[in-house]
Amino acid sequence: MAMTQLEALAVLSRHRGERIVIATMASIAVWPKLSDQPLDFSYMPSAMGQGPALGLGLALAQPERGVIVLNGDGSMLMNLGSLVTLANQPANVFVVVMDNGIYEVTGGQETAGTGHADFAGLARSAGIGRVYSFDNLQSWSAGAAEALADPGPVFIWLKIEGKLGQKTPLAPRPIVEQIRLLRETLA
């Protein structure tokens with residue numbers, strides 16, 4: 001049985017260390033319940049699929065810190081090309097794809113390739129050397145520390161349960177305030 005998004009992110013919160021965490025799309029509704037640090041950045045309103053690019057830029061600017069990008073399967077499909085870019089950069093970035101098989105915040109439509117898209121295979125084919133897949137809470141809990149050990153780039157594919165009828169989440173604070181907090185913390 002797949003894990004819930006809350007369960008998956010709770011494991012991640014215990015292993016995130018002092019990394020920047022960029023939450024996108026559906027994860028914005030859950031991550032602030034687990035963490036409210038100045039290093040948390042809710043990328044909403046987001047350009048769907050652009051979380052890995054933002055994470056890469058921050059990781060290159062803050063190589064000692066590292067960045068975790070919480071990405072959905074739909075968002076990853078929107079920008080598969082980012083995997084090739086990540087594979088060719090010496091950046092400490094961790095892309096965590098939470099695959100629920102649906103576009104959760106836009107009405108629950110099935111994502112393209114549901115049941116066929118092998119995100120781990122795509123990441124490996126793009127050249128990312130450290131790729132992990134977890135389809136249940138027990139294996140994710142046991143493997144999270146290794147998967148989140150430095151260095152990046154790292155790709156983590158988590159199979160999670162989808163929830164129909166979800167509304168587009170709101171960021172926990174206005175984007176201008178998030179940017180100010182992150183800048184001050186990184187300065």
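Structure notes:
- Residue (of PHE134, ALA149, GLY121) at the positive-pole extreme of the chain, dipole from beta-carbon charges: ALA149
- Counting DSSP beta bridges with both ends in the chain, the antiparallel % (nearest 5): 5
- Its Cα gyration tensor gives the chain an equivalent ellipsoid; the semi-axes, largest first and in whole Å, are 22, 20, 16.
- Structure-based [θ]222 nm, the chain - -39500 (n - 2.57) summed over DSSP H runs of at least 4, per residue, nearest 500: -10500 deg cm²/dmol
- Likely footprinting exposure, ASP73, ASP36, fewest C-beta neighbours within 10 Å first: ASP36, ASP73
- For ILE68, distant residues with modelled amide H under 5 Å away: ILE20, VAL21, ILE22, PHE94
- Compactness of the stretch 1-97 is given as radius of gyration and Dmax, 12.6, 39 Å, from Cα positions.
- Neighbourhood net charge (12 Å Cβ-Cβ; Lys/Arg +1, Asp/Glu -1) for ALA10: +2
Readers should treat all values here as calculations from the given coordinates under stated rules, not as data from a laboratory. Note that the structure is a prediction, hence the values are computed from the model and not measured. Glycine also receives a Cβ, built like all others from the backbone with ideal geometry; neighbour counts cover every protein chain displayed.
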